Structures are given as C-alpha cells and as structure tokens.
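Asks: I am attaching a structure below and will ask some questions about it afterwards.
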C-alpha cells in the first residue's frame, strides 16, 4: 500500500489512541487468554500478510502466493495469535474490493481512501479456503490440530441476492468441513455500503432471511455488521432508525446465533443511550444474540462510560465478545487485540473477564465445519415470492 493511502488510517489510529490514552489499567491482564471474534485474513485489495522464515511479510497490491504456499497466510495469523496470547479466532476474507478509478492519482487501499466504488469480491472465500487447504496439506497432523483454533467464515456473497444462500452452500460443498460460520455480513455499513452500486443490504432483506434460516438449520453463527443508525451530521445524534430491521431478523430466527459486530456503531454514528438500546435488545434476545465490542465502539463509547458498560456486561455476562478487527495486517496484531485491559480492570471479576475474553465466543462456535450432501439444495420458495403449494 502506498504511503499516501495509508495516511488516513494512521490519522484514525492516532485519534483512537488519543481517546483511550487517559485510561490505563491498574493490573496487567496479559495472562488473560483471548479468543478473537473478528479477524479478516484479507484487506480491501484481497491481500494479506504471510509468514516467511518466521517473519511477517507485509501485504502489497498484486502480491500472490503460488499453489502449495498459500498456507503461509494461515501461518501469519497463528504466529500473531501466539504472540498475543490469543487461543482462537474467527477468520474471514473481505467481501468487497476497493476499485482504483482512473481519477484516483494514488491506489486506494482502504474503502475510505477515495470516493471510488467498492465491488463484490466473490473470490474472497476461495482465498481463505485454499490457504487452509495448503496449510493442512503441508503441515500434516500438527496443522490439523492448529486449525482447530480457527473458525473460517463464508463472506463473499451479495446480501441482496436471494440466490446468495445457494452460493454459500456451494462453497461448503467445495470445501467440506472448512467453514464454521457466515460473515462478516455487511448490512447498513455507512460509507462502505453507500459506496456499493445497486440495491442496498438490510438485515431484514429476504436474501438475508434465507441465509439466517440456513445458518440456523446448520447450527452455525452469523456475524453481521448492521449499524443502529445513519451517519450523524456534525455532532447531532440520530435516532436508531435501522434497529427495527435487525430486530425483525432476531425475532424471525430465535434458533440462529447472531454476532452483532461493533454493537451497531461505526464512524460518525452518534446515538443517545446506546447502552439502553442494547439492554432492551438483550432482554428479549439474550439466548441467541452476542455483541462484538471491537473497532470504534470501544474508544468512542465504552471508554467514555466504563461504569455504564461494565454494568451492562454484568447484567448479560454471556452476551459479549471482543475482537481485533484486523484487516489482513498482523505485524502489530498484539497492539490491535490487547487493548481491552482497561475494560477488564473496570469489570474486576476474573470469571466475568474470562467470559468476555474467550468463553462466550468459544461457547457459540461449532467444533466442526459444515459438510453438506452434494444433493443439498436450500428450498427455492422460502422467503421468496414464489407461492408455496400446500402439501
């Protein structure tokens, strides 16, 4: 990635650190084992770091690993996890590719680096699956044991396409036993979904209802990115206009486990009483909804009201997980994931800390990946306009 393209992310990182800087933990929680609920193996150019002779090789545009060596990307993730005392991680590709438009003087590497569109990256799941297959093939039994630490997701689909569930099933047939979850599903993702063309995704779209139904059928969780509200102009808070769409999905599928990414928050999203909204959601859906506290919700909301968030987590001790939201970059992974000491300190209770850090995540994840019969087909008429003929 070019230096110029990297600058916006550096500025963002500095601002986030500035928010968190005044708060430090009284105790060192480095020995608390973490399960990372949010890792992207690839970035918005479908590149990712890999490991070479025990050293991280940073991703660059156009880089590729030949067949048989793609497992080095998995080696990089595991290497980073070991350095950060992370036992397990949910990993996915990146469902979008950032377009380099002819009027962009510098290649954008992040979705906010330029105003050019993002397009669907339908091959992202192949990158993940082939990396896993190469790692397994080259590493033998040791690799198989290490892969139990990872929970790969299918993510490269159009969430407004009623046929997307068929593509997910196809990936699971092509790579039996590899995929253990679905996501990160991009729904109501402020600038990112605004930069797509065509129909906009939403959590109660029939295409996603079919996917959520399939996930419940297969007993695998869905990780979904769905903002609670639109972007706020200036510092004016918005009402949670998009929450009802997500609640439609939660209500429709009580047997499907959802990981709600970033507690519904993104950049420039300001809502009053976020804690109260989450409290009401969990009061009705604590049996199948888990809230991911990664990314900007942590510095922008949690660190600004540690007492309030600690009280919420104590009320629902089984319903929160943490993550790095690493995007194909693993050289500084410990800095990305070991940021939660301040929250751990505020909670104070080691049993509760361990639930948040790893146990809640491990409880909801399946031991094995999905293996579908080759003749499996999701019903055409479910959640579609096709009339259902009575038996």
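The values are calculated or read from the model by the stated rules, or taken from the named source; none is laboratory data. Small disclaimer: the values here were computed from a predicted structure and weren't measured. Note: ideal-geometry Cβ built from the backbone for every residue, glycine included; neighbour counts use all protein chains shown.
Asks: If a residue has to be touching a strand residue (DSSP E or B) at 6+ places or on another chain (Cβ under 6 Å), part of a helix (DSSP H, G or I) and surrounded by fewer than 15 Cβ atoms within 10 Å (Cβ to Cβ) to count, how many in the stretch 104-156 make the cut?
Replies: 0
Asks: Quick one: which residue in 233, 206, 221, 254 is touching a residue at least 12 places away in the same chain (Cβ under 8 Å) and farther than 26 Å from residue 36 by Cα?
Replies: 206
Asks: Next up: Name the residues in the stretch 280-293 that are in a helix (DSSP H, G or I) and surrounded by fewer than 16 Cβ atoms within 10 Å (Cβ to Cβ), would you?
Replies: 280, 283, 284
Here is a yes/no grid of residues against (1) without any contact (Cβ under 8 Å) to a residue 12 or more places away in the chain; (2) outside any helix (DSSP H, G or I); (3) buried (at least 19 other Cβ atoms within 10 Å of the Cβ):
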| position | (1), (2), (3) |
| --- | --- |
| 165 | no, no, yes |
| 198 | no, yes, no |
| 211 | no, no, yes |
| 225 | no, yes, yes |
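Asks: Let me ask something else. So residue 76 fits all but one of (1) in a loop (DSSP other than H, G, I, E, B); (2) within 14 Å of residue 39 (Cβ to Cβ); what number is the exception?
Replies: With (1) in a loop (DSSP other than H, G, I, E, B); (2) within 14 Å of residue 39 (Cβ to Cβ) applied to residue 76, the lone miss is (1).
Asks: If you don't mind, another one. Residue 324 versus (1) under 30 Å from residue 248 (Cα atoms); (2) free of Cβ contacts under 8 Å to residues at least 40 places away in the same chain: which is the lone unmet condition?
Replies: For residue 324, the exception is condition (2).
Asks: When you scan the stretch 294-391 for helices (runs of 4 or more DSSP H) that lie fully inside it, which ones turn up with 2 or more residues that are within 25 Å of residue 95 (Cβ to Cβ)?
Replies: Helices (runs of 4 or more DSSP H) meeting the threshold: 333-337, 360-364.
Asks: Among (1) surrounded by fewer than 20 Cβ atoms within 10 Å (Cβ to Cβ); (2) in contact (Cβ under 8 Å) with a residue 60 or more places away in the chain; (3) assigned to a strand (DSSP E or B), which single condition is residue 61 missing?
Replies: Here residue 61 clears every test but (3).
Asks: For the stretch 225-235, check the following and say yes or no: at least one residue is under 15 Å from the mean Cα position of the chain (by Cα) and within 14 Å of residue 271 (Cβ to Cβ).
Replies: There is at least one residue in the stretch 225-235 that is under 15 Å from the mean Cα position of the chain (by Cα) and within 14 Å of residue 271 (Cβ to Cβ).
Asks: Among the residues of the stretch 45-56, is there at least one that is closer than 30 Å to residue 303 by Cβ, modelled with pLDDT of 90 or more, touching a helix residue (DSSP H, G or I) at 6+ places or on another chain (Cβ under 9 Å) and in a strand (DSSP E or B)?
Replies: Within the stretch 45-56, one or more residues are closer than 30 Å to residue 303 by Cβ, modelled with pLDDT of 90 or more, touching a helix residue (DSSP H, G or I) at 6+ places or on another chain (Cβ under 9 Å) and in a strand (DSSP E or B).
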